[in-house]
1. May I ask you to give the solvent-accessible area per residue for segment 330-371, in square angstrom, as obtained with a 1.4 angstrom probe?
2. For segment 288-366, with the dipole built from +1 on Lys and Arg beta-carbon atoms and -1 on Asp and Glu ones, taken about the Cα centre, which of ILE364, MET321, ASN354 lies farthest toward the positive end?
3. Bin width 10 Å, alpha-carbon pairs only: give the P(r) of segment 379-440 as whole percents, running from 0 to the bin holding the largest distance.
4. Contact order normalised by length for segment 515-569, with contacts defined as Cα pairs under 8 Å and 6 or more residues apart; what percent is it?
5. Of the accessible area of the chain, with the probe set at 1.4 angstrom, what percent is carbon plus sulfur?
6. For segment 131-212, what is the Kirkwood hydrodynamic radius in Å, using each pair of distinct C-alpha atoms?
7. Return the subset of LYS146/LYS446; LYS136/LYS159; LYS446/LYS667; LYS298/LYS322 for which the Cα-Cα distance in this structure is over 27 Å, preserving the input order.
8. Determine, from the Cβ-Cβ distance of ILE531 and THR378 and an R0 of 30 Å, the FRET efficiency 1/(1 + (r/R0)^6), rounded to the nearest 0.05.
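The values are calculated or read from the model by the stated rules, or taken from the named source; none is laboratory data. No experiment lies behind these values; they were computed from the predicted model shown. Cβ placement follows ideal geometry from the backbone for every residue including glycine, while neighbour counts extend to all protein chains displayed. Just the protein is used for accessible areas: all its heavy atoms, side chains included, with ligands, DNA and RNA removed. Shrake-Rupley method; radii C 1.70, N 1.55, O 1.52, S 1.80 Å.
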Amino acid sequence: MKNIFIILFSMILLTNLVNAQDAPSKFGKISDEELNATVCPIDSNAHAYYIFDCGQLVFTYPQTISRSDDQTSNGGFVMEFERHFRIKILSETAYDLANIEIPLYVSGSEEEKLLDIDAISLNFENGKVVKTKFEKRNLIYEANSKFLKIAKVPIPNVKVGSIVDVKYSVKSHFFYNLKSWRFQRSIPVLYSKYVTRIPEYYNYHKNVKGYFPIKVESKIERNKIVLTYKEKDYQGTRSGSNYSTYTSTVEYFENVDNYLGINIPSFEDDEYLRSSSNYNSAVEFELASTKFPNSIVKSFSTTWENVVKELLDEEDFGVKMKRNDFLDTYMKSVSLDSMSKLNLMQLAFDHIKNKIKWNELNKIYVSESLKKSYNEGTGSSADINLCLVGLLEKFGFETYPVVLSTQANGFINLTHPTVSDFNYVVAMVRLDGKDYFMDATEPYSKINLLPIRCLNDKGLLVKKGPVEWVDLMKSNSYKNQTTMAYSIDKDFNIQASFTERMDGYAAYLGRKTIKKHSAVDDFVQEFQKNIPGLQINSYQFSGIDSLEKPLIYKYDFSLSNSLESTGNLMFITPLLFETLKKSPFTMVKRDYPVEYNYPSNHFYSVQIEIPENYSVETLPQSINISMPDKQTKFTYNLNMVGNKIIITSIFANNRLQFLPTEYNDLKEFYRVMI
């Protein structure tokens, strides 16, 4: 009997139940200082702040009694994650912070469980503290993707001055998905602590990232648990004394890591950063291996080759992608005689764009079936672009899906292969040694002009053979050319003609902006409304729906109250409303890169007719500056020709990233340019 016990015992791993990490304050118990606060102690401009944000993840082993005749009693480790945070609301603009979302991982029939949730708002009303509790019947579960479900917790009675107090716990069997922790957020955090207690049997890669320093303390602690094993006596019945009972105390080591951040500033996101998640201070984990008693090391580190194979073998990706016979009817309706390969590619691209409308879901897996999305005319990014891959294949192209991570989803960690880093798929054709990228989710995207959300470093080609990454940042560029001629009358009003030509991403963004309005006239009226003194007398647009042509705006307009004068002097801002009035780079120090989505070129040509009885007293000096590597340049030239001032200005940038060490140079470049 003893031998049987040892064999079974070697299959059962043990741990102790550990109390969750104590937060600085108990749930619902607030101080007068917290309640009466009207400003964040570390940022007077903050709309809200975390008073504290504390979490702990422990491995528990709830099933400590096992029986020889009941294999279901042989439980295993369970991860329990507990979080308690408290937010102070200082402005109406921060009300959204009271709409709590808890992510729960899903895989097949297994999913993480929200064990408990307590949430309240606290307000000082009529001389007393009023607590308004979140009722659990108002908890909403929403499927976000194949692998993610969101538990939504809307906190009631939130107003300026409220404190939001939330505590919840989640149980998980997904050991490869150990909860990461974000220290830095969109609002300041006064105190953030995360504790992980991991048994010696599990080995995780730990990645502390971000620019704000996080203190890490590690130690090893002993733990023990009593295991009870009941062996049935088969000569008797199942009850009472017909079981032989064995107990054993098992000791093991736990790796305890404490991560602490204090007075963490908000992360100042801006348009020159693709995703703040790439640079926020955080700690992430990846299961590297396990080593259980009396067993060999099992590695969980995978390769990109295995990730590609997983996608090709996946029912909702590679398998369903091949089920494309429903495209035969359209393919047979197309006359291929004398059609060039590029025109045929364009035809397939346009057909899918027009046939299936994007439901604005970013996915890499097929929702139900490609045929259903095609016939019903709506689908996710995966449904649409895998249909496009299938149609291009039927037309004889060498075509592949490309999986990527959108800007909002953050960078792919190239050193730790995993399919979970991806959330989007596009199509690629390889023709005559060139790669052509296509995303049919948007009506104004073009071949080799992907939506901006897709411009996030690299994508992974899903094909048999060697692993291949493709550069998504070579998609296209932004080109803008503006010409303007104007005269100034005796009342200092301007009469002008204006032409703007846009190519590449300039045209893409311009078309999207126009189409947000019900008519072009509505767009023009809004443009006019946003510039004081502007009166558009006539306009003409071309290329709105002709994607292969430039988008061109032409205006004739008058502009009043835009010139300054004193005595007999007149001051002119030559580029009028086209002038960049303020540098986007005002921070004294920037700890993360400056990122651009695409190379850009802005050209301006302006001709100003000087009014009678005026002469030019002073012309600004011409400017010709560049960054040290000459990839970013600005020229500004002014000349007098008769009674006209001729101005040409060019800003060209071919750099997509500037490191923090280059920030001061870039900041100075913009200061001189403006």
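1. Values: 2550 Å² over 42 residues.
Per residue, segment 330-371 has an accessible area of 61 Å².
2. ILE364
3. 22, 45, 28, 5
4. Numbers: 47 pairs, mean separation 16.3, N = 55.
Across segment 515-569, relative contact order equals 30 percent.
5. Working: 16350 of 33930 Å².
Answer for the chain: carbon and sulfur cover 48 percent of the accessible area.
6. On the way: mean 1/r = 0.0600 Å⁻¹.
Result for segment 131-212, one decimal place: 16.7 Å.
7. Values: LYS146/LYS446 29 Å; LYS136/LYS159 21 Å; LYS446/LYS667 34 Å; LYS298/LYS322 34 Å.
Long pairs (Cα-Cα over 27 Å): LYS146/LYS446; LYS446/LYS667; LYS298/LYS322.
8. Working: r = 39 Å, r/R0 = 1.29.
After rounding to 0.05, the efficiency reads 0.20.
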